[in-house]
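Since every read-out is calculated from the coordinates, none of them should be taken as a lab result. In this text, all values refer to a predicted model and were calculated from it rather than measured experimentally. Neighbour counts run over all protein chains shown; Cβ positions are idealised from the backbone, glycine included.
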Amino acid sequence: MPLQDERPSSSSEQGSDAETDTLSERCDSLTSASDVELSRQSFTSDSSKHSSPSTSPPKAITLDEVMSSARDLCNLRLAHEIVVDRDFRVQPPQLPEHSLQKKVKDMVHQAFWTRLEADLNDDPPEYEHAIKLLEEIRGVLLSFLNPGANRMRTQIMEVLDMDLIRQQVDNEALDIKGLASYVINTMGKMCAPVRDDEVKKLRESTDDIVTLFKEIFRVLDLMTMDYVNTTIQMVRPELQKHSVEYEREKFQNIVQTTPNALAHTSAWIRASLEEAIQAMPPPEKTADADKKMRALPGPVLVINTALVQLIMGTHKGPMPETLMTDEGRVVEMQRRCQLLQAVASLLLIIYSSTGDVFTGLPALTERLKRMTTVLLDGMHSPSFNLQEALENTSVQICCELNKSLSERGMPSLPPAMQQTLKGQMCSITQENNPIRALVVGRLQQYFRVILSIPISATNPPPVPNGLGLIQPELTALGLGYADMARFHKQVYMPFYVGIIKDLLFGAPPAGDATQGGAAGANGAATTTTTTTTTTKASSQESSGAQSPAKQPVESK
């Protein structure tokens, strides 16, 4: 995690009331120009039926459909990585040292090369395994050629003609070293400049023919990786142009062939919908005394609430299926957020408990931040003893504070204050800890804002009061998460809208008119909100805004 200097002064920690009000207003509005483009259809608009992908699973699926779905998932993951990671490269598989898989692989390879060596040393030599190697090499070389390289293709097919080679074997006229030399020269014509030295070593090799073939295959593997990565670089611009449509289409194929393909996503959205509904204004009175107008959250508001739950780690269920392509990134961001929460809590305790003694010392703040980050790194691990780590961290912090006082010719902190500091820092694991609650609330506020407004690296929103000490790290995390979330909303918003419509307006179960059913095929449970749907959406929702749509709700 990059750490940057920040002055822990009153100006950085205690923002003006106007700034706080502005941040709250931005959070409450939750209307983003970029998000508006994601959902042009209202929950209750009939036209959304045509834009929302079908989520109904089939009653039965065949093995071919399962394999097709697996291929779609593999292609989806690969395409997503190519688009979002500019440094994405295919690497040769590396099995863990001393692992069973590596031992088995090494044994099989060694047995093959030992058998080949024995065959070639026979009198007369046995070339059957060598011919199979040459045939495999021919296939690899041909795979490197462009469609228009007919001359080179013809030459390779003529020199490595398996029928001709078998005739030479029968007549004891096969020049195996000559064929190996031709293969090496052809590799030199095809390889990337970075492999020139490897091919040169092959040309100058004086090893026996078996070792030479080993090295040829090793270099061919490297050339294959180069070819694949070059192809990735070539297709990336085209994938980026059509990435949203491509990922949506592939995911739709998976949904259509996989039962309960959106079960985890439905549970994730259900939890956020309940939270968003609870946060809506109370029902308004209408002319009809028996009915009240109750505001319902818009789709983007619901999804933003779900995304905040996800980054904060309050969603305890499995990862939603729509985020499976970025599961690793989401987990890493959750861990960084958890670590930042702990670091911010400890720093707030230090500066609120010691007053102005350590104010205006950015170098000290940086050391404390780096120290707590290192000591608490790995706190997400089940085997990590957080309480013990906090005790050690509190001791180190007190030592660092006393060292700073000593350098300025001031007395050390009183023992009683040190004990109080240690106790406060070790208590941040408690659910009702006020510092922890404050930091969690401010982090949620920050993520709600950054997910709901158009942002870029040049105009990130200010961090809430109390989080100024971790501003560089929090801003970097927020920008990365918002960028990832924006892309996912572009791809999957039609799926989300369909699920939310089922949760809000699904038909009630037979014999129970008090509960709204979530009738989607993904096992969505009934909602706790009683609604009576209308035939038209509000003009505000039809335009894609996140402002709440008002629906008549039966008063209880």
Report task. Using Cα centres only, tell me the gap between the range 364-379 and the range 176-227 in whole Å. Result -> 50
**Report entry** 3J(HN,Hα) from dihedral phi, the range 240-253, Karplus parametrisation 6.51/-1.76/1.60, rounded to Hz, x for glycine, proline
**Finding:** 5, 5, 10, 4, 5, 5, 5, 5, 5, 5, 5, 5, 4, 4
Query raised in the report: Semi-axes, largest first, in whole Å: what does sqrt of 5 times each Cα gyration tensor eigenvalue give for the range 319-432?
Result: 32, 15, 11
Report task. First measure r as the distance between the Cβ atoms of A363 and R329, then evaluate 1/(1 + (r/R0)^6) with R0 = 30 Å and state the FRET efficiency to the nearest 0.05. Result -> 0.40
Query raised in the report: Averaged over all directions, how much area does the convex hull of the C-alpha atoms of the range 148-193 cover when projected, in nm²?
Result: 3.7
Query raised in the report: So, in Å, what gap is there between the alpha-carbon centers of the range 70-144 and the range 295-357?
Result: 42
Query - Under-5 Å amide H pairs with L296, H placed in peptide plane, nonlocal only - result: A549, K550, Q551
Requested in this report: Subtracting the Cα-Cα distance from 0.36 nm times the residue separation, let me have the gained length for I232 to Q167 in nm, one decimal.
Outcome: 19.3 nm
Query raised in the report: Rounded, prolate or oblate: which fits the range 430-503 when a ≥ b ≥ c are the square roots of the eigenvalues of the alpha-carbon gyration tensor, with rounded for a/c under 1.5 and prolate only if a/b beats b/c?
Result: oblate
Report task. Take the alpha carbon atoms of the range 378-437, find their radius of gyration, then divide it by 2.2 N^0.38 Å using N residues; give the quotient. Result -> 1.31
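Ranked from highest to lowest mean number of other Cβ atoms within 10 Å per residue, what is the order of the peptides 266-274, 475-483?
Sorting 266-274, 475-483 by mean packing, highest first, produces 266-274, 475-483.
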Report task. Give the value in nm², to one decimal: projected area of the alpha carbon convex hull of the range 189-287, averaged over all directions. Result -> 14.3
**Report entry** Long pairs among K250/K316; K132/K177; K102/K177; K241/K489, criterion Cα-Cα beyond 19 Å
**Finding:** K250/K316; K102/K177
Query raised in the report: If you take the Cα Rg of the range 108-215 and divide it by 2.2 N^0.38 Å, with N the number of residues, what do you get?
Result: 1.11
Query raised in the report: Roughly speaking, what is the stretch gain from V90 to D208, that is 0.36 nm per residue apart minus the C-alpha to C-alpha distance, in nm to one decimal?
Result: 39.3 nm
Query raised in the report: Which values of log₁₀ I(q)/I(0), to two decimal places, follow from the Debye formula for the range 380-485 at q = 0.12, 0.18 Å⁻¹ with a uniform point scatterer at every Cα?
Result: -0.61, -1.00
